[in-house]
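A.B. asks: Mind having a look at this structure? Questions to follow.
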Amino acid sequence: MHSNFILRGHVLSYSASPFETQTPEEAVVVSAAVALAEGRIVGCGTFEEMKALQPQAEVIDHGARLILAGFVDAHVHYPQTAIIASWGKRLIDWLNSYTFPEEMRFGDAAYAQEIAERYLDLTLANGTTTVCSFATIHPESVDAFFTAAKARGQRVVTGKTCMDRNAPEGLRDTVQSAYDDSKALIERWHGVDRLEYAITPRFSPTSTPEQLAAMGALWSEHPECLMQTHLSEQLDEIEWVKTLFPQARDYLDTYEEFGLLGARGLYGHAIHLQERERHRLREYGAALVHCPTSNTFIGSGLFDMAGLMAEGQRIGLATDTGGGSSFSMLRTMAAAYEVGQLRGRPLHAAELIWLATQGSATALRMEDKIGNIAPGMEADLVVLDLSSTPAIAQRSARAADLWEAVFPTLMMGDDRAVTEVWVNGQRQ
Ligand SMILES: [Zn+2]
């Protein structure tokens, strides 16, 4: 049931990437109102203009609140919801100690359903309207996630995680079953409502060359699908990849050789990249996904945002739940800011918000549908209270301009700052 609405507040839209304009602020247009009809954004401008556009619409006045496109989280593992914030391990031990035992449980469709619902409830409460998630090796885990997202009207991406080696018994598929199950899931789900399928080899250490080749073949048969995986997260992992693929020129080559490098490819982390890898990623227009809370939590390293942006890479932002330590894209923006500081280049609030909305939407190749407030876009919105806690309120009260008012919420805000969330033109 859609109907027409006008939301008043500080409506923030982008006319360009703030990484490409002279100053980040120049990329931003702030309007006083946005009009929604039948699940779409139909206009933004002055309140009078929106009222003239839709005289019958219900008006919701948000006063000084900020109205943004809903957050887009470009790399998560929804099955890790219940093991978020597990102590003391680095990547490989973390997978073996915490992740794999939990993922084992997702062959149980009822458990998968419970966690899918819990995950989407938590992320919606944090203002995240679109996610791109890894599932587990079980087709049931994909069915559960798509079923839960479909009921909420959400635009989401997921795919069956494929692993046929270096994972415990019960959590390995085969070359053939990975291909067959993935193909059946594409046919069942891809393009249903707002759902999209991503071909999902977990990372090259857990797939044989034969399985990577089968995934590459599947992608060439279904070029409309995204492909998601992990790349160069930790130095130990890179050494391990070298021993598993002695012929490969570098980590990216273990994907490239098997047809798993492409414009609709998403490469999570991408921290310790070689020159050749950067060059090839840029050449293909592939997307790198920055997961700053995960990179500090698991101790992986510092993503080179400034360098990679300057060379024209396509970059999204993500929580990497549950390797990441938060469901909140606000907390994730704060971590991206901190990582930027450690690399010598602080990110502007306009850049952080762009990464969490339009940047991630661009990584998912959905920038014409979500991630910005503009006529014709799908109406996924988040409304933020910029004084949501006493600590934030006393700081934003001192603000000389909008950016100074916004920044404390990006650094210190959480789900308490999220006052309203809209999905596909419907208030949640
Ligand atoms: Zn991940």
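Coordinate-derived values only; no laboratory data. Note that the structure is predicted; figures quoted are calculated from it, not measured. Cβ coordinates were reconstructed from backbone atoms using ideal geometry, including for glycine residues, and neighbour counts include every protein chain displayed.
A.B. asks: By how many degrees, between 0 and 90 and to the nearest 10, does the Cα long axis of helix 109-125 differ from the longest principal axis of the chain?
C.D. replies: That works out to roughly 40 degrees.
A.B. asks: Let me ask another. What does the highest-first list of 353-363, 139-149 look like by mean Cβ count within 10 Å?
C.D. replies: Most protected by this proxy first, the peptides run 353-363, 139-149.
A.B. asks: Continuing with the same structure: How far, in degrees from 0 to 90, does helix 175-189 lean away from the longest principal axis of the Cα atoms of the chain, to the nearest 10?
C.D. replies: Computed tilt is about 20 degrees.
A.B. asks: Further question: Can you give me the long-range amide H partners of LEU386? Hydrogens built in the peptide plane at 1.01 Å from N, cutoff under 5 Å, separation of 5 or more residues or another chain.
C.D. replies: LEU66
A.B. asks: When you count, for each residue, the other Cβ atoms within 10 Å and take the mean per peptide, how do 113-120, 278-285 rank with the highest first?
C.D. replies: Those peptides, ordered most packed to least, come out 113-120, 278-285.
A.B. asks: Another one. Rounding to the nearest 20 debye, state how big the charge dipole of the chain is about its Cα centre with +1 on each Lys and Arg Cβ and -1 on each Asp and Glu Cβ.
C.D. replies: For this selection, approximately 480 debye.
A.B. asks: Along the range 356-373, what does the Karplus equation 6.51 cos²θ - 1.76 cosθ + 1.60 (θ = phi - 60°) give for ³J(HN,Hα), rounded to whole Hz, x for Gly and Pro?
C.D. replies: So the Karplus estimates, Gly and Pro as x, are 7, 10, 5, x, 5, 4, 5, 4, 8, 6, 10, 5, 8, 10, 9, x, 8, 9 Hz.
A.B. asks: A further question on this structure: Placing one identical point scatterer on every Cα of the chain and ignoring solvent, what is log10 I(q)/I(0) from the Debye formula at q = 0.07 Å⁻¹?
C.D. replies: The Cα Debye sum returns log10 ratios of -0.31.
A.B. asks: Spelling out what I want: for every residue of the range 232-240, take phi, set θ = phi - 60°, compute 6.51 cos²θ - 1.76 cosθ + 1.60 (Karplus), and round to whole Hz; glycine and proline get x.
C.D. replies: For the range 232-240, the Karplus curve yields 6, 8, 10, 5, 4, 4, 5, 4, 4 Hz.
A.B. asks: Need one number: % antiparallel among DSSP beta bridges in the chain, to the nearest 5.
C.D. replies: 40 percent
A.B. asks: Could you identify which residue out of ALA391, ALA349, ALA379 has the top mean-square fluctuation in a GNM of the chain using Cα springs shorter than 10 Å?
C.D. replies: Result: ALA391 has the largest fluctuation of those listed.
A.B. asks: Helix 275-284 versus the longest principal axis of the chain: what angle, 0 to 90°, nearest 10, using Cα atoms?
C.D. replies: It works out to around 60 degrees.
A.B. asks: Could I ask something else about it? Any idea how far the Cα center of the range 148-167 sits from the one of the range 14-81, in Å?
C.D. replies: Between the Cα centres of the range 148-167 and the range 14-81 lies a distance of 28 Å.
A.B. asks: Moving on. Hey, what number do you get for the chain at 222 nm if only DSSP H runs of n ≥ 4 count, each worth -39500 (n - 2.57), divided across all residues, to the nearest 500?
C.D. replies: Rounded to the nearest 500, it is -10000 deg cm²/dmol.
A.B. asks: Sorting check: for 240-251, 256-267, 157-168, which peptide has the highest mean count of neighbouring beta carbons within 10 Å, and how do the rest follow?
C.D. replies: So the peptides 240-251, 256-267, 157-168, ranked by packing, come out 157-168, 256-267, 240-251.
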